[in-house]
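Working notes, structure below.
Just so you know, all these numbers are worked out from the coordinates, no wet-lab data involved. Fair warning: this is a prediction, and the values are worked out from it, not measured in the lab. Glycine gets a Cβ as well: all are built from the backbone with ideal geometry, and neighbour counts include every protein chain shown.
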Amino acid sequence: MQEFKLLIGGKLVPGDSTMDVINPATGKLLTKCPRGSVDQANQAVAAAKEAFPAWAAKTYAERSAVLAKFADAIEAHYRPRFAGDRLPEDAVACALALADKLDALGGMFGIGQVPTGEKDPFGLRRAALGVVRILVEAKLPLSLRELVDASFAGYGGKVKPAPEGLQAFILERFAGYLREQGFSTLQVDAVLSQNPARLDVVPQQLEAVKAFQALPEADSLAAANKRVANILRQAEAKGEAFARAERKALKEPAELALFSALESTRGSAMPMLERGDYTGYLKSFAVLKKPVDAFFDTVMVMAKEDALRRNRLALLRELREAMNRVADISKLAQ
């Protein structure tokens, strides 16, 4: 049976005695709660006065406003309660709502109570969607993985952390949410397959992907990106090892042209990425269509010469890494 304590002055302390909490339906003892003594009540009052030194100087109206804010946050932390429900409105309420939902998710995943099929007796899908909506619609620049880790850490080792499973569960709800916003399955998969650290920027990244898809060069570059991914995967499966591409190790005009074009484009595109211009970043790579096409038309990637082959593989990996910082463009290939 879990032991509860009193919070006095920021510290958890045992009560002077305990009182039983009984299930009225069965008469079964549920737990024991601490009962504070008069001295402990006085200590709590003294700690509260010390924590709020300016409280006594406030007017009744000011005190009422503070208490009303706390009350509003407590009421709002249940939101969103259903699809389309409004969100908590201020930072305190959003923080409380996130903490409540993540605590429930971490606790249930930590004891293996994961929703299966249509069964979700604890409303975990609703809680996960609430986390998604608060992070995205309130535009909170928070790391999803850090929030997930914190949801388990709060249990002090009493549950078994399952961060990968919980993060995947939240991202599944996020994918459905994004499709309801009008983004295609391919677009959503392209961005979420990159495991974005922050959910609040994903809608902007999806708009960038949509703008990229409208370019005449998009289909060709997506197909080339998929081809590059397959080549690299097969090479790595064979034990190929390659670092960075070097100009001096290249021979064919087409590969030299691709190397130069990639270097130039990457240099001008990175500042866009750093300031959050995802659309500008992706669109900047449209100029690589011709050098990429020429490369695959005239260059044998898997050359017999070891150094040449590794350098060409390195060039392709750098191309893929540069193009896929916002989304996995290969996912857009039809």
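Couple of notes before you dig in:
- Total charge dipole magnitude, the chain, about the Cα centre, Cβ charges on Lys, Arg, Asp, Glu only, Debye to nearest 20: 360 debye
- Measuring how big the chain is from its alpha-carbon positions, Rg and Dmax come out at 27.8, 88 Å.
- Around the amide H of Thr18, modelled in the peptide plane, lie the amide H atoms of Arg35, all under 5 Å away and 5 or more residues distant in sequence or on another chain.
- Computed from backbone phi, the HN-Hα couplings of the range 68-78 come to 5, 5, 4, 5, 4, 5, 5, 5, 6, 5, 6 Hz, rounded to whole numbers (Karplus: 6.51 cos²θ - 1.76 cosθ + 1.60, θ = phi - 60°; Gly and Pro given as x).
- The three principal axes of the C-alpha atoms in the range 62-181 carry coordinate ranges of 47, 38, 28 Å, sorted with the longest axis first.
- Since only Gly27, Val299, Ala57 are under comparison, the one whose Cα sits farthest along the positive direction of the charge dipole of the chain, derived from C-beta charges on Lys, Arg, Asp and Glu, is Val299.
- Each of Asn42, Gln334, Gly267 was placed along the dipole of the chain (beta-carbon charges, centred on the mean Cα), and the one lying farthest toward the positive end is Gln334.
- Inter-site label distance for Ile111 and Val45 at 7 Å from Cα along Cβ, in nm: 3.8 nm
- If only the Cβ of Lys and Arg carry +1 and only the Cβ of Asp and Glu carry -1, the dipole of the range 211-332 around its Cα centre is close to 180 debye.
- Karplus (6.51, -1.76, 1.60) ³J(HN,Hα), θ = phi - 60°, over the range 258-274, in Hz, Gly and Pro reported as x: 5, 4, 5, 5, 5, 4, 5, 5, 4, x, 7, 7, 4, x, 5, 4, 5
- Restricting the trypsin sites (Lys or Arg not before Pro) of the range 267-334 to loop positions (DSSP other than H, G, I, E, B) with no more than 11 neighbouring Cβ atoms within 10 Å leaves Arg275, Lys304.
- Assuming charge only on the beta carbon of Lys and Arg (+1) and of Asp and Glu (-1), the dipole of the range 20-146 about its Cα centre is about 160 debye to the nearest 20.
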